[in-house]
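Data block below; observations after.
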Amino acid sequence: MSRTEIQSPTGAPYAAILGIGSYRPDRLVPNSEVVEAIDSSDEWIQQRSGIKTRRWAGPEESVQMMSVEASRKALAHAGIDARQIDCVIVATVSHMLQTPAIATAIAHELGTDQAAAFDISAACAGFCHGVAMANDMVRGGSAGHVLVIGVERLTDILDLHDRGTAFIFADGAGAAVVGPSETPGIGPVVWGSDGEQFDLIRQREDWRDVIASGEPVMPHLTMQGNSVFRWASFAMAKIGQQTLDRAGISLDDLDVFVPHQANMRIIDAMARSMKLPAHVKIARDVADMGNTSAASVPLAFDRMIQEGEAKPGDTALLIAFGAGLAYAAQVVTVP
Ligand code: COA
């Protein structure tokens with residue numbers, strides 16, 4: 001009996017980020033406001049984290065609303081109509097329904113007709129995971145254009161009385177359109193996880209424990225900050241270098257560095273360990289925005305583009321890492 005041959009999908013030769021957009025919540029929250037609920041000070045927070053202010057979403061600024069606003073800007077930047085999007089990937093840990101995926105509602109509101117739509121959970125590393133998947137989908141033929149969104153309303157799961165997390169985490173959204181390109185615009189992803197350190201950043205308990213406790217308290221984020229700090233500062237610089245190597249890029253070729261905006265000291269430590277040359281522009285959005293988890297890389301990247309620090313055609317290294325511990329990095333061409 002002869003085997004029936006199945007057609008294999010074929011995609012574009014290469015993929016690239018074609019456009020970026022972001023949404024920053026209206027309300028700016030200075031350290032002086034955060035310290036009202038924790039035993040801390042503006043000086044301590046700035047010294048240990050580099051954070052001066054952050055933005056916390058208001059009641060109208062939902063995960064869906066912030067995502068749609070960021071996506072519309074990304075589509076406009078890419079010059080792409082929403083109907084050309086075949087797939088919407090939303091990276092988030094703060095959409096409060098486990099099902100259905102918020103990506104489906106976002107796709108519908110944007111008018112993407114029948115796009116595939118799903119959420120991914122890779123915490124602060126989620127956006128770079130999404131870009132890696134979108135790159136493979138466009139080249140593999142399962143989608144023509146993919147919208148990748150990183151969005152968080154972390155204040156919904158933040159314990160404002162916890163001095164280890166209250167000053168760090170914040171809200172916002174960023175989005176990127178990934179589509180076909182005649183030249184390589186997204187390099188190989190370097191990604192992985194270290195589940196042995198699962199407990200370092202996590203929600204305190206799962207919903208069944210909350211119900212069993214009889215106390216309807218949101219399962220808040222907890223973090224062993226010092227251990228995370230050590231891991232991120234050392235291990236992630238090596239991942240950054242591996243990502244450049246796999247893309248065939250030397251430090252001299254690099255123009256822009258967009259690390260996850262976790263803490264200014266981690267950003268500085270990574271830049272030092274990687275021996276980044278002085279000409280490389282480094283994203284430092286954390287000072288104004290705090291740590292917005294999955295939204296932090298596209299928010300910081302978009303800001304650098306808007307402010308002219310990252311120019312179209314420049315070469316940028318994106319690297320994101322967080323709970324899991326999960327990480328992902330790639331070299332991309334600035335749209
Ligand atoms: N305000 C004032 N003092 C604080 C404080 C706060 N919010 N939190 C802790 N402290 C105190 C501690 O009690 C301790 O005091 P002691 O020396 O008298 O015992 C001291 O500061 C040092 O505590 P430690 O936890 O070792 O602080 P740190 O230098 O590690 O800084 C973080 C804390 C959270 C800023 C830091 O660990 C960090 O940024 N980690 C990475 C977090 C991160 O980026 N996570 C996201 C990754 S996705």
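The values are calculated or read from the model by the stated rules, or taken from the named source; none is laboratory data. Worth saying up front: this structure is predicted, and the values here are computed from it rather than measured. Counting neighbours? That spans all protein chains shown, and the Cβs are built from the backbone with ideal geometry, glycine included. Note: areas computed on protein heavy atoms with side chains; ligands, DNA, RNA excluded. Shrake-Rupley method; radii C 1.70, N 1.55, O 1.52, S 1.80 Å.
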- Query: In region 305-315, is there at least one residue being open to solvent by less than 10 Å² (accessible area, probe 1.4 Å), at pLDDT 95 or above and either within 16 Å of the ligand (Cβ to nearest atom) or under 28 Å from Leu28 (Cα atoms) (or both)?
  - Reply: yes
- Item | Val210 being surrounded by fewer than 21 Cβ atoms within 10 Å (Cβ to Cβ), away from the ligand (no atom under 12 Å from the Cβ) and either free of Cβ contacts under 8 Å to residues at least 40 places away in the same chain or more than 28 Å from Glu33 (Cα to Cα) (or both) | yes
- Query: Which of the residues that make up region 239-262 are open to solvent by less than 20 Å² (accessible area, probe 1.4 Å) and under 26 Å from Ala70 (Cα atoms)?
  - Reply: Val256, Phe257, Val258, Pro259, His260, Gln261, Ala262
- Message: Take Ile266 and tell me if it is more than 16 Å from the ligand (Cβ to nearest atom) and touching a Ser or Thr at 6+ places or on another chain (Cβ under 8 Å).
- Response: no
- Would you check which residues across region 1-32 are out of contact with any strand residue (DSSP E or B) (no Cβ under 9 Å at 6 or more places or on another chain) and closer than 18 Å to Leu154 by Cα and list them? none
- Considering only region 316-334, how many residues are within 16 Å of the ligand (Cβ to nearest atom), open to solvent by 10 Å² or more (accessible area, probe 1.4 Å), at negative phi and not aliphatic (A, V, I, L, M)? 1
- A careful count of residues in region 53-78 that are touching a strand residue (DSSP E or B) at 6+ places or on another chain (Cβ under 6 Å), among the β-branched types (Val, Ile, Thr) and surrounded by fewer than 24 Cβ atoms within 10 Å (Cβ to Cβ) gives 1
- Message: For region 22-43, check the following and say yes or no: at least one residue is more than 16 Å from the ligand (Cβ to nearest atom), under 26 Å from Pro188 (Cβ atoms) and either open to solvent by less than 70 Å² (accessible area, probe 1.4 Å) or not charged (D, E, K, R) (or both).
- Response: yes
- Message: With the requirement that a residue be within 11 Å of the ligand (Cβ to nearest atom), outside any helix (DSSP H, G or I) and out of contact with any Asp or Glu (no Cβ under 9 Å at 6 or more places or on another chain), what does region 233-263 give you?
- Response: Pro259, His260, Ala262, Asn263
- Task: Would you mention how many residues in region 213-232 are within 16 Å of the ligand (Cβ to nearest atom) and in contact (Cβ under 8 Å) with a residue 12 or more places away in the chain?
- Result: 11
- Message: Looking at region 110-128 only, could you name the residues that are open to solvent by less than 10 Å² (accessible area, probe 1.4 Å) and within 16 Å of the ligand (Cβ to nearest atom)?
- Response: Ala125, Gly126, Phe127, Cys128
- Requiring at least 2 residues that are closer than 28 Å to Glu182 by Cβ, the strands (runs of 3 or more DSSP E) wholly within region 1-118 are 14-23, 87-91
